[in-house]
1. Determine which member of the set B:A34, B:A88 is in contact with a strand residue (DSSP E or B) (Cβ under 6 Å, 6 or more places away or on another chain), in contact (Cβ under 8 Å) with a residue 60 or more places away in the chain and among the small types (G, A, S).
2. Considering region B:33-48 alone, what residues qualify as being surrounded by fewer than 23 Cβ atoms within 10 Å (Cβ to Cβ) and charged (D, E, K, R)?
3. Restricting to region A:10-22, name every residue that is buried (at least 21 other Cβ atoms within 10 Å of the Cβ) and in contact with a helix residue (DSSP H, G or I) (Cβ under 9 Å, 6 or more places away or on another chain).
4. Would you check which residues across region A:1-23 are closer than 16 Å to A:T122 by Cα, within 7 Å of another protein chain (Cβ to nearest Cβ) and in contact (Cβ under 8 Å) with a residue 40 or more places away in the chain and list them?
5. Got at least one residue in region B:53-70 being in contact (Cβ under 8 Å) with a residue 40 or more places away in the chain, in contact with a strand residue (DSSP E or B) (Cβ under 9 Å, 6 or more places away or on another chain) and aliphatic (A, V, I, L, M)?
6. Go through region A:64-82 and report how many residues are within 25 Å of B:R99 (Cβ to Cβ) and surrounded by fewer than 15 Cβ atoms within 10 Å (Cβ to Cβ).
7. Taking region A:83-123, which residues are of a type in the set (K, R) and either over 15 Å from A:L51 (Cα atoms) or surrounded by 15 or more Cβ atoms within 10 Å (Cβ to Cβ) (or both)?
8. Taking the condition of being within 19 Å of B:D27 (Cβ to Cβ), more than 10 Å from every other protein chain (Cβ to nearest Cβ) and over 13 Å from the mean Cα position of the chain (by Cα), how many residues in region A:24-50 meet it?
Number of protein chains: 2
Amino acid sequence: MLNPVDVRARAAALGEHWSPRVVGSLDDCYVKVAKVQGELVWHSHDGQDELFFVLQGRLRLQLPDRTVELGPGELFVVPKGVQHLPVAEQECLLMLIERKDTAHTGDVQTALTRSLDDQLRTD
Amino acid sequence: MLNPVDVRARAAALGEHWSPRVVGSLDDCYVKVAKVQGELVWHSHDGQDELFFVLQGRLRLQLPDRTVELGPGELFVVPKGVQHLPVAEQECLLMLIERKDTAHTGDVQTALTRSLDDQLRTD
């Protein structure tokens, strides 16, 4: 059986920005943590909603028609099919919850794109 | 489109213990907040995992073979089918994530059991 997860500590321990790691499983979803700074890339997940929860710092989610600013303890769900660009002016720690079949940057491939195998690494 | 949710503030604003409220939706899951103190009741969810995330205070999850203690920023997923008793010695604020078809106290009905309609109230 799984153990409790200190998600902020797990996010803080990450060495690389924009490289999420799986820390838990909830039915057909994964719980992930990430350390981010700068911007990722515009993308969408056509079949899956994506939950962002800020653990430390601030995250800006640019959407086609507006911008959402999140601080510690705030969450936002990007609905399936909605283009979004995550941006952090300064280092930010996140928890993400999304379906297991969610591709990191949707149909877009960049140098920052991480495979699910990479996100499942335990090193 | 939904707005950002300050989950700790939403949990703190609740008036009744052990009465979760839905604050978001993620595919076939709801995001809920709850304010708890004392103990709920032994129960299980035969078909659904249940994620507990502590926002403030401490939560004890008694399981058949052990006890899990969670503090702020810690999460634990109770696997489907596993009996559990949530206990908080002092007031504790929680975020819960679970499938939309999850019954509050499983097959057990007590005075603390809340319907999904009650959890979806916006007053």
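1. Result: B:A34 is the single residue among B:A34, B:A88 that is in contact with a strand residue (DSSP E or B) (Cβ under 6 Å, 6 or more places away or on another chain), in contact (Cβ under 8 Å) with a residue 60 or more places away in the chain and among the small types (G, A, S).
2. Within region B:33-48, B:E39, B:D46 qualify.
3. Of everything in region A:10-22, those that are buried (at least 21 other Cβ atoms within 10 Å of the Cβ) and in contact with a helix residue (DSSP H, G or I) (Cβ under 9 Å, 6 or more places away or on another chain) turn out to be A:P20, A:R21.
4. The one that is closer than 16 Å to A:T122 by Cα, within 7 Å of another protein chain (Cβ to nearest Cβ) and in contact (Cβ under 8 Å) with a residue 40 or more places away in the chain: A:V7.
5. yes
6. Of the residues in that region, 1 qualify.
7. Scanning region A:83-123 gives A:R99, A:R114, A:R121.
8. 1
Bear in mind that the values in this text are calculations on the coordinates, not laboratory data. The shown structure was predicted, so the numbers you read here are calculated from the model rather than taken from an experiment. Positions of Cβ are backbone-derived with ideal geometry, glycine not excepted, and every protein chain shown enters the neighbour counts.
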